[in-house]
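The values are calculated or read from the model by the stated rules, or taken from the named source; none is laboratory data. All values derive from a computational prediction rather than experimental measurement. Here the Cβ positions follow ideal geometry from the backbone for every residue, glycine too, while neighbour counts run over all protein chains shown. Each accessible area value is taken on the protein alone, full model and side chains, heavy atoms only, with ligands, DNA and RNA left out. Shrake-Rupley method; radii C 1.70, N 1.55, O 1.52, S 1.80 Å.
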Amino acid sequence: MKQQTTVVITKVEIDGEVWPLDEPEDIELEFSAIDTGGGFHDPILDFAYELSAEEQAAYLQEDLYDITLYLQDPAHEENSLEVAYEGRLKLTDNDRLEGTGRLKDEDMSRDIVKFVIRSVRR
């Protein structure tokens, strides 16, 4: 089973520092798993996003960062989630920060699966 959806990022923390967002940014989510009829086996969540790059972007290197994304389904604001992962950020040609990530195995929780399924069903 593979499901794709778009939600928004309402807040970002990079190495514990809040990254300023002018407005919520879109994030593309792709959830894949083996549907066993009573649950999901081997769930994986891939995601990609871009952030507005303020002056701080020039100070970011191609290193690994501890990134926390606060996600929200724009159609159902009560459907929200906090996702923490270690990842890289890249400055794009159009002065935006590009991030991608993958959660699987022990990084996947029931809350993540519920959030994605609720967002897909909107």
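For (1) of a type outside the set (D, E, K, R); (2) more than 16 Å from D95 (Cα to Cα); (3) in contact with a Cys (Cβ under 8 Å, 6 or more places away or on another chain), each residue gets a yes or a no:
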{"position": "I14", "(1), (2), (3)": "yes, yes, no"}
{"position": "P24", "(1), (2), (3)": "yes, yes, no"}
{"position": "H41", "(1), (2), (3)": "yes, yes, no"}
{"position": "I44", "(1), (2), (3)": "yes, yes, no"}
{"position": "S52", "(1), (2), (3)": "yes, no, no"}
{"position": "D73", "(1), (2), (3)": "no, yes, no"}
{"position": "H76", "(1), (2), (3)": "yes, yes, no"}
Original post:
Among the numbered criteria (1) out of contact with any strand residue (DSSP E or B) (no Cβ under 8 Å at 6 or more places or on another chain); (2) at pLDDT 95 or above; (3) not charged (D, E, K, R), which single criterion is violated by I9?
Top reply: (1)
Original post:
Among S80, S119, which is the only one that is closer than 22 Å to W19 by Cα, polar (S, T, N, Q) and not in a loop (DSSP other than H, G, I, E, B)?
Top reply: S80
Original post:
Quick check, is E82 within 22 Å of I117 (Cβ to Cβ), more than 12 Å from the chain's Cα centre (by Cα) and acidic (D, E)?
Top reply: no
Original post:
Residues of the stretch 83-105 being touching a residue at least 40 places away in the same chain (Cβ under 8 Å), within 15 Å of E30 (Cα to Cα) and either part of a loop (DSSP other than H, G, I, E, B) or not basic (K, R) (or both), which ones?
Top reply: G99, T100, G101, L103
Subject >> Flag for S119 being open to solvent by 50 Å² or more (accessible area, probe 1.4 Å), touching a residue at least 60 places away in the same chain (Cβ under 8 Å), of a type in the set (S, T, Y) and under 21 Å from V8 (Cβ atoms) >> reply: no
**OP:** Might you check whether a residue that is in contact with a Lys or Arg (Cβ under 6 Å, 6 or more places away or on another chain), among the small types (G, A, S) and open to solvent by less than 80 Å² (accessible area, probe 1.4 Å) occurs anywhere in the stretch 52-60?
**Re:** yes
Subject >> Of all residues making up the stretch 73-104, the number that are farther than 22 Å from S32 by Cβ and buried (at least 18 other Cβ atoms within 10 Å of the Cβ) >> reply: 2
**OP:** Can you give me the number of residues within the stretch 27-51 that are open to solvent by 20 Å² or more (accessible area, probe 1.4 Å), within 22 Å of R122 (Cα to Cα) and either touching a Pro at 6+ places or on another chain (Cβ under 9 Å) or polar (S, T, N, Q) (or both)?
**Re:** 2
Original post:
Could you list, in sequence order, the residues of the stretch 106-116 that are in contact (Cβ under 8 Å) with a residue 24 or more places away in the chain and open to solvent by 30 Å² or more (accessible area, probe 1.4 Å)?
Top reply: D111
Subject >> Members of the stretch 10-45 found to be in a loop (DSSP other than H, G, I, E, B) and of a type outside the set (D, E, K, R), listed by number >> reply: G16, P20, L21, P24, T36, G37, G38, G39
